[in-house]
Structure formats: structure tokens, C-alpha cells
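Comments concern the structure below.
The values are calculated or read from the model by the stated rules, or taken from the named source; none is laboratory data. Nothing here was measured: the structure is a model prediction, and the numbers come from that model. Neighbour counts run over all protein chains shown; Cβ positions are idealised from the backbone, glycine included.
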Amino acid sequence: MTYNRSMPVIEIENLSKSYRIYQKQEGLLAAVRGLFSREYRDVEAVRSVNLTVEQGEFVAFLGPNGAGKTTTLKLLSGVITPTSGTARVMGHIPWKRENSYRRRFALVMGQKNQLWWDLPAQESFRLHQEIYRIAPEQFDHTRDELVDLLGVGKLLRQPVRELSLGERMKMELIAALLHSPEVLFLDEPTIGLDVIAQHNIQTFLRHYQQLRKITILLTSHYMKDVAALCRRVVIIAQGQIMYDGSLSGIVDKFSGHKVVTLQLAEDHVPVDWSRYGELLDVQSPKVRLKINRQTVPEVLAHILANNAIEDVSVEDPPLEEVISQVFTEAGAQADAKDAARQVAATK
Amino acid sequence: MQHSSNTDIGTTAPTRPPRASYRRVFLTFARNSLIRDMTFRTNFVIECISALSWMFMNLGLYLIIFGYTDSIGAGTGWGKYQFFVFLSTTLFINSLIETFFMPNTEEFSEQVRTGGLDFALLKPIDTQFLVSFGKMDWSSLANFLFAIVLLSYSLSRLEYQPGWIEFVLYPLYVLCGVAILYSLMIALAALSVWLGRNQNLYDFWFYITSFSRYPMEIYNGPLGTPLQKVFTFIIPVLIVVNVPARILAQPMTQPKWQLAVFALGATVACLGASRWLFLKSLDSYRSASS
Amino acid sequence: MATVSTPSTTPSELSARLRTWWIILRICIEERLVYRGDFALGTLMRFLPIVTQIFLWTAVYSSVQTSTETAADPAGQQTVAGFTRDEIIAYFLLTMVARAFSSMPGLAGGIARSIRDGSIKKYITQPVDMLGFLLLSRIAHKLVYYTVATLPFALVFYLCRGYFQELPSAEIWVAFIASLFMGFALGYYLESLLGMIGFWFLEVSSLLFVYMLFSFFLSGHMFPIGMLDGFAIFPGSSWSWGDLVRILPFQYLAYFPAAIFVGKIQGDELVRGLAIELCWVLMFMALSRIAYHRGLRRYSAFGG
């Protein structure tokens, strides 16, 4: 199949990946027994994921630890092979590991380091030039441009081990982008960085993506990364896609509440606020209430009619709160499922 | 800045060179390793001295043995200086292995454990090449240099003088020996993908190659002959040093030439089998996420 | 052997301490058992060098018979440094047993590394004595090894039974076993002492290499130490390399137990040898204890 620009860049269908994990029993006897026979448990890291990404999109994968975000990126970059299902990136099946595919994408992992530790980053870049066969003029041009954008010109000659975490991450990004990939996978690119370094990398990524119109998939723990960069968000929990849409849509979908803040007049008589909704806090003269989304107009009308209120604001609950709630619920569901399966298995 | 593929691009991108130049990548590896070795100069010197002193201790052992006997085995043709030709050949082969492959296969097992292999799998270049040649240990070449000295001295003390054909074939068979040992090594490294870790890779290496370090004639008798056959024809470590060493140290007879021909086939077979095993192991790579 | 720091230990304290030791030992054994693939292969491989050694020395003895310089023993067999071919092969098999007790792979390097990367701190912050803890983990390591290796060892000795003339007397057996256990203790304290040099010098790897080199060649597991007697330390000296090596402690790691078993060390010489070995063990035990305390004090004073 030949890929052309009008097709989606990434197409994933029913992609699943499960691992066998050796179950270690406690105790000496069990350890001795483990020499001869072992128990394994299948862990489904990714469960029939379906996803389509168009050219030029900047998509964020959100999810708790172990949700399958990184596994998905590793499947898409061909590092691991799936248990079942298919995926195509620019028409290539990633785990075939064709050189023609590997020349067209890059994977950056915030927790791993691919530069030569004891050498200046410059030397690792040269190696990339040879591996990706980048023409000298193009190499110089791209490198200078990236170095400029990230402001690391003075650090090129320093051994990588002497760079700070943020500086090292910038170098990793340059190394990954030298061959002008059309698809970029970013796995926790800002992990462990301070706020300023995080911000720098965000700015760079946004700018670079707008400039080159490349397709980027990003996983991150930091909501700020996501809010700053991505219009489309995919929530993965327990190996499954829970949500796929805009960032603001998450609140609409998962939160049934609004947060109403009331500024009371000075001569206000105390009332029992909890009959209107869940009382979040009272910091006189301010009161914050959590109110069911559907009943907001009705309740608000009632409040305004019966109290002396100077100001009102109605807001969505904080995004991070909603998302963490989604994660917790997904976790609880999966636990229940596992428990049910175990009961079924022991019968 | 040109964006080299902005219109319809098939799976083969015609605007880009079809493949990386392996020679240039290799040279970059060599260069980067040398730069690194030179930044830690003291360490480099210490490692050279370590390698040499290990070698001198071994030489001492054989000098002791030759203090009690004239040859290794009666009538085998491995007198003192013939055996030192043998020893130089061992040194050539081992130092090449230690320079090019030892640091890499050790790192490979580590990369499998930590998930660092991910990066090698992303590159548009043969993964086995990348894994096998990534780092180089220049200090191990100290023994290579010493082996040249030992070989020249031993040859000058020998009555038998090899002809030009033997001198041409010798380096070829040294390389065959390196290739066989390398295959064994990469196969062991591939096993580490399945075993989860392979802390004892170096030990395995040491133990298996201990067979290659002595003339194959010493393996005879009811137990020795089968052993000789197994380590010649099934796991061909015995031919690694024996074939090139015989070419320089002893007059070649027909059975010896036959073994030399076999060695060529064995080299190809070993490289092929280990490559197959390596590619298989990549399929079951799990990529530890840490 | 792991130190009991307070001499006045009440029975309940003692039992608590014993329980702690047992748990440490157990966890270490479990840890060793997890990587079974590695382990099975590793045990099997260990027998390969002895096979090549048997063939090498058989070949050497076959050509010794044709050369003239060496003496024949009364029975008409050729000897090298007092060993007949059968004796030397029995000797090599036994040095393998001795090395299985005295070798401590990764001990010194591990200690040096934990000093360098700061993980030694856990022995400062937790109520665990490092020398005791590591000793237990070594014992666990060895126990697991012997459990798995007994069968192959027994097989190899059964196959090679022809090289052993007759089983030694009970006294020799006792001396042999005592020398094995002391060899273990000597190996342990010698290596931990080397590792703890890391408190004073950050880079000890070259030192460890030198130690490895010496213990490899001078412990006698490549050749019986008597073979060095014919080689003067420098030309014209009345001292031979053999005399020098006999002064060093390395021979107790391999040569000494094996030579006892094949009957090369007997009577007064045997008693004296065991006494000297005990002195070495006690000396290195004390030295490593001192080094540990001094080292920790230095470490906490200067920070890691």
C-alpha cells in the first residue's frame, strides 16, 4: 500500500499488547520451586486500541502510570511487536522496522538518554548524520537552526555528562530532529525538569510544530504541557482509550458539576448553603459550591432570589481534578473486572 | 529549509540516499571511541598495562611448562616456538574481539535489561551492526601490538619457514577466527534477551573460549576425540586459533588443508546462524520501561 | 563470624539477632534463585576449563616421558615438581573445589561501587552491619551454588575417580575441610578489605585487577606452586619464585587445600600450615573490621 498525504498519518486498529510476567511467591520453598516451574500472569498493557491521527496534528496521551501510553508509543515506533491488531504510520507497519520508515520518524524518551555520555553532544550529532545519511549542508543548516531555537550553542562542546537535565533534554531533541522526521513521538519529554526548562521545551515544540507542520504524539504527566501544546487529547487508562477529543471537552464529558462562587453582601444573613449543593468552602464573604451541571440555572436563580449576593461566577471544576477522577474510576473498574475474572477462574 | 518529502511519497523515498554508509558510520564510532578514551587518559594507560600484564602472566605459565617439557604433547609438532606462534595467534584474535565486540556485547545485555536497546531499534541502519560496533576499546589493541612482536620473534626461531601463500592466508584465517568467536558472542548476547539478564556473559565467553586456547591435538583418547569433534564441527571454537596458527607454524599437510577449507564454511555458517538468532531475539525484546 | 557488637547479649536479643540473620540469608537465597537460566548455564560452564586443563597436562606429561631432564618416581612414573600425572589432575580437580569456596566474584568491586555511588549510606542509616550482611549474602550465594553444583561436581569426581589413588585418612579429611572453610573466610575478608580501600581512593579497579591477577596465577590453580621452585627470583639468587609465593596468603585460596588432599603436605608441615592460615584469616578479619570503622568515620566526616 502506498501512503499519500490525504490519508491519515497514523491508523491503529484493535492494537493489543500483553506481557507475561513471572509471579514471584514469597518464601524460600517457593523460590526453590521457582527453579523448576514458574507461574506467569498475563498483563494487558494495551487492549484493542483504535486511533486515527491526521497529518499535522499534535496529540497528547494522558493517563496514569502503567496505563499503556508508553507501550503504545513503543509499538508505533516498532520497538516492540504487538500481540494482535494492526497499525500503520505513513503507510508503514512499524514493527517491520524498515529503514525507509525509521528514517521518517523519531522517538524521544525523557527518561532515557541516547547521547554518548562522555562526549560533547556535537559528536553524537555527527554520528546521527552518518547513520541517517544527512547531506552536510542540510545537516549544518538543521543543526544550527535547532541549536538556535533552543539556545544551546555554547553547550555543544561540553561532555553530555556535565549538562543539566534540561540542557540534556534539549540535546536529545536536537539529535532526534536532525533528520527532519515527519512524525515525532515524545515520551514524557519534560519529566523531572524545572518550570523554566519545561516552559522552554514547550515553546520550542509549539514553534517547531507550527513551522514544520509535522505530526506529534506526546505523553506527559504535566497538564501544562498538554494545555500549552495539544488541541487533541486521548485519555488512556488500563490499556484502553477512555476519551478522544478536545481538552475542554473532557470536563463536559466527565464532570457533571460546575463550581459556583458567590460574593455575599455585607449584611447577608447566614444560611445553610449545603441545601443548594456540595459546600466546597466558606471564606467570608466568599462561598464556593459544587452544583450539578443540569440544575445550575435553576439553583442559581433560587439563590439570587433569596440572598443578598454582590457577585457570582460559574466555573468548570479544575481540569486536573476531573482527569484524576477519571483515572481513579477507570482503575476501580479494572480492579473490579480483575476480581470478577479471578473469581471466575477459581470456580 | 527544505522539507524533503512534502508531496506524495511512497514507502521508498527517492530523494534520500537508500542506505547509510556503513563504513562512515563505523569510522565515526571509532573516532568517537578514541575521543572518549583520550579524555580518560590515565584510565586508558592503566587498561593497556592491565591487558599486557595479564598476557605476561600467561606467557609466564607457558614458560614454566616449557621448563619441564619440549613440546605440548609428544609428536604433535607444538614445540616451544611453534606454540608461541599459536599464542600470538590467540592474542591477535582475542585482542580484536576485545577491541571491537567485547564492550558492545556486554553493553547489549545491559541495554536489554534497562530498555536502552530502544534507540538502536529506531535507527535506519542494521540493528546488529549498530549493536556490534557501537563502542570500541582501543586499549585492547596493546596486546595486538605485543602479538606482532611475539610472532616475529617466534617465527625467526623456527626452522620451518612458511611461504607467501601462508602469509596471505594467515590474516584471512585470523579474521575467520574473529568472526566465529564474534558469532558465538552475539548468540550468547541474544540469549540474554530471553534469559532476562546475562551477568555471566563474560564468564561464558571465558569458559567456552578456553577450548580454543590450546592445540587441538591435545584432545585425544576415548573422551578427547569426541570432544575434539564436537568443538570442531558443532561449536567450532577449536578451529578458531588452530587453523591460522598451523598455517604459519607447521608444514601444511592435506588433512590440515581440508580443515582450513572447512573453517571457511564454518565461518559463514556461524555468522548466518548467529544473525538468525539475533533477529529472533529482537522479536521477543520487551523494552523495560524505566 | 558476623560481629556481635555488644559483648553482653541477652538471650532474647540474641534470638532476635539470629532471626534477622536468618531472614537476610533467606532473602539472599531467594534472590539468587530468581535468575535460574543464568544460573544453570553458569554452573555447567564452570566445568569446561578443568576439562581443557586435564587434556593440557596429559599432553604435557606425555612429552615429559620422552624428554630426559625430569626425574621418575620410584614406581617409574614421570613426575613434574613431585606430582605424577594422576596426582596433578587430582590436584587440579581439588583446586576447583577450593576455588568454589574461596572465590568471591564481585565482592570487592561491589563494595567499592557502593562507596562511590553512595549506597553505602544504607549501612549507616539502617541497623545492619555491612561486613555481617555481606558475609551472610555470600554464604547464601555459596549455599545455593553448592546445592545446585553438588550433582555436577559429584559426577565429575566420579568420572575422574581413576586419578585418585586412595582416599586419604580421617585426619587429612578434617584438615582438608578446615582449610576449605578457612579459605572461604580468607577470601571473604581479603576481598572486602580490598573493596573498602575505596573509602580512601575512589578508583580501585586497577588494584582489584592486580589482586585478581595474583590470585589467579599465584594461588596455585593454574599450576602447583612447587613448579616455581626451579625459577630463581633473579639470576643467581638462592631464593626461587616458589619460596616467595609460599610466603604470600594466596596459596590458601587454592593450592593448600588441594595439596593437603593429595598428600603433599603432611605431619608438622600440615599443622604449621593450618596455623599460619588461621593467622592470616584472623589478621584480615581484624583489618577489615578496622578498615570498616575507620572508613565509615571518614565517609561520614567528609560526606559521599
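Quick rundown of the values:
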item: Segment A:163-177 residues that are farther than 18 Å from A:THR142 by Cα, paired with ones that are of a type outside the set (A, V, I, L, M) (beta carbon under 6 Å, 6 or more apart); result: A:LEU165/A:GLY192
item: Residue count for segment A:131-155, restricted to those that are under 29 Å from B:PHE26 (Cβ atoms) and not in a helix (DSSP H, G or I); result: 4
item: Residue in segment B:111-131 that is away from chain A (no Cβ under 14 Å) and either out of contact with any Leu (no Cβ under 6 Å at 6 or more places or on another chain) or farther than 29 Å from B:ARG24 by Cα (or both) present; result: no
item: Helices (runs of 4 or more DSSP H) completely within segment C:179-268 that count 2 or more residues being more than 14 Å from chain B (Cβ to nearest Cβ), modelled with pLDDT of 90 or more and buried (at least 24 other Cβ atoms within 10 Å of the Cβ); result: C:255-261
item: Residue match in segment B:52-70 (condition: outside any helix (DSSP H, G or I) and either closer than 24 Å to B:PRO215 by Cα or facing chain C (nearest Cβ under 10 Å) (or both)); result: yes
item: Segment A:79-92 - residue that is more than 7 Å from chain B (Cβ to nearest Cβ) and touching a Ser or Thr at 6+ places or on another chain (Cβ under 7 Å) and, of those, surrounded by the fewest Cβ atoms within 10 Å (Cβ to Cβ); result: A:SER84
item: Filter result for C:PHE157 (under 14 Å from the mean Cα position of the chain (by Cα), at pLDDT 85 or above and in a helix (DSSP H, G or I)); result: no
item: Qualifying residue in segment A:172-182 (condition: surrounded by fewer than 17 Cβ atoms within 10 Å (Cβ to Cβ) and over 20 Å from A:ASN113 (Cβ atoms)); result: no
item: Residue within segment B:38-51 that is more than 14 Å from chain C (Cβ to nearest Cβ), out of contact with any Cys (no Cβ under 7 Å at 6 or more places or on another chain), surrounded by fewer than 22 Cβ atoms within 10 Å (Cβ to Cβ) and hydrophobic (A, V, I, L, M, F, W, C) present; result: yes
item: Matching residues, segment B:118-164, being of a type in the set (Gly, Ala, Ser), within 27 Å of B:PHE40 (Cα to Cα) and part of a helix (DSSP H, G or I); result: B:ALA120, B:SER132, B:SER139, B:SER140, B:ALA142, B:ALA147
item: Among the residues listed as B:LEU223, B:LEU227, the single one being under 24 Å from B:CYS270 (Cα atoms), at the interface with chain C (Cβ under 9 Å from one of its Cβ atoms) and over 20 Å from the mean Cα position of the chain (by Cα); result: B:LEU227
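So that you can scan it fast, the table gives a plain yes or no per residue for (1) buried (at least 20 other Cβ atoms within 10 Å of the Cβ); (2) not in a loop (DSSP other than H, G, I, E, B):
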residue	(1), (2)
A:ILE216	yes, yes
A:ALA228	no, yes
A:VAL234	yes, yes
A:ASP244	no, yes
A:GLY249	no, yes
A:HIS268	no, no
